[in-house]
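One structure is given here, and the rest of the page talks about it.
None of the figures in this text is laboratory data; all of them are computed from the coordinates on show. Model, not experiment: these values are computed from the prediction. No Cβ is skipped: glycine too gets one built from the backbone with ideal geometry, and neighbour counts run over all protein chains shown.
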Amino acid sequence: MSSAPDTRFFGHPRGLSTLFFTELWERFGYYGMRALLILFMTASVESGGLGIADSKAYGIYGLYIATVYLLSLPGGWLADRVLGQQRTVLYGGILIAAGYLMLAVPSQGVFFAGLAVVAIGTGLLKPNISTIVGQIYSPEDRRRDSGFSIFYMGINLGALLAPLVCGPIGTGINWQLGFGLAGVGMVVGVFTFAAGRKHLGDAGLHPAPVASAGEAKQIREQLRNGLLAFTAAPLLLAAVHFSGVYPLTIERLVDGAGFVLLLAVIVLFAWMFLGAEWTPEERKRLYVIAVLFFASSLFWSAFEQAGSSLNIFAARFTDNTLFGVSVSATVYQSLNPIYIIALAPVFAWLWIRLGHRQPSSPAKFSLGLISVGLGFVLMMIAAMEAGTAGRVSPLWLAGCYLLHTTGELCLSPVGLSAFTKLAPARVAGLMMGVWFLSISTGNYLGGRLAAFYGELPIQDLFQTTATFAIVAGLILALVARPVARLMGALR
């Protein structure tokens, strides 16, 4: 006789609360830093910034965000095969906290080193905390999508607080103090996770079991080779740069990141489609993962311009007064989490209410793409008005973020849930890394798009982004039904 399901956290397992609050504080740090990053880099040296040109700052921003999520692939593998998800999340959180505190040091060299440390820590934490969320539910548990929507509320509570706290303090008082507050948030997150691990049980506690001594030896060799490559790569780059043969510039680093991303995607999908270890059922699910991967990449290339082109639009082209009081441009980044907190319970209720009648995961993805594209249609109109009026009403950004949020709720928590359902159990963490690789690819593409700002009118940038998102959404809507059939009962 099976035991009754755990319903101690708003009808969900008690362990969801630990993951909810850990992710809340991790996202507080991330969005606090993100709200300041592009503004700090483009601010003049006299005002305490780095004085970097817009196009280069966009490139650095896209490179950083892409690297954060690209490192989710080795982070997922490390948890699957060596550490287990729980320990990997804990170690990642410690690194993230250390990196944010490094950003608070008034030194450009330490600042960029801190970004690297944050990227490594986030690569360890992000795929694996989401994997644990999936593991506290059985594959047939209908609460899964709803649980991810609740987990997503934790993400967005942190995202709501961060721009309101770190943003005004960083832009109005001291940049380093704003970054330091992001680090304090992550310290709280580490203690939250350590104290609440007892509620997770065996979810993510151990790595996947090995089938033989030969497989264990292979894992040790892969780990050793990975660590050697991870250590040698920055040393090789430094040697190339300081030799004078091929000095590294921001543009060359950004181009190199694009090559690495492309190579990672090619190698990944070659392994997924050509590997002999998959069962026929697993192979069908991998095809679905590929479709969702590319849809997700296009979505995030549009959505993540919140920290770049939309952030700049807020600072330079928006009337930033509220009831006669001047406000920081960073506060607009709190609109998305405010909408999430308001609408996530509605979407969670809706998916449960619809039950078997709810749209399939591919259909939800198509709705997400169309919605984010419509947000940029609004911004295209706002940019044209700004060309004649100078500064426009903040309601344009408010409407844009509302459409982006409805798109996000159709795609992001659904994607997290779908990848945990579709992933073969022995590579669950790695497949969650694949999900974050799609975000990495999208962020890189979004950064490259935003870098065109200054070379073409910003309304053209918004128009291009809107067109790609809407067309992709319509194409996915046409193929959603056959893709969903490949998912079987998991759609």
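Here are a few things to note about the model shown:
- R0 of 51 Å, Cβ-Cβ distance residue 213-residue 322: FRET efficiency to nearest 0.05: 0.20
- Taking a ≥ b ≥ c as the square roots of the Cα gyration tensor eigenvalues, segment 80-226 comes out oblate, since a/c reaches at least 1.5 and a/b does not exceed b/c.
- Contact order, relative form, for segment 334-438: 34 percent (alpha carbon pairs under 8 Å, 6 or more residues apart, mean separation divided by residue count).
- Relative contact order (%) - the chain, alpha-carbon pairs under 8 angstrom, separation at least six: 26 percent
- Stretching the chain fully between residue 352 and residue 464 yields a gain of 36.7 nm (0.36 nm per residue, less the alpha carbon separation).
- For trypsin sites (Lys or Arg not before Pro), the sites in segment 84-171 that DSSP calls loop and that have at most 15 other Cβ atoms within 10 Å are 142.
- Rounded to the nearest 20, the size of the Cβ-charge dipole of the chain about its Cα centre is 1180 debye, with Lys and Arg at +1 and Asp and Glu at -1.
- Interchain or long-range residues, amide H under 5 Å from residue 392's placed H: 318, 319
- By the rule of a C-alpha distance below 25 Å, with chain neighbours fewer than 8 residues away ignored, the lysines paired with residue 198 are 126, 421.
- Only the Cβ atoms of Lys and Arg (+1) and of Asp and Glu (-1) were treated as charged; on that basis the dipole of segment 240-376 about its Cα centre amounts to roughly 420 debye.
- Farthest toward positive dipole pole in the chain [+1 Lys/Arg, -1 Asp/Glu at C-beta], among 68, 312, 94: 94
- Taking amide hydrogens as placed 1.01 Å from N in the peptide plane, the amide H of residue 43 sits under 5 Å from those of 50, 51, 52, each at least 5 positions away in sequence or on another chain.
- Cα-centre dipole for segment 69-212 with unit charges at Cβ (Lys and Arg positive, Asp and Glu negative), debye to 20: 120 debye
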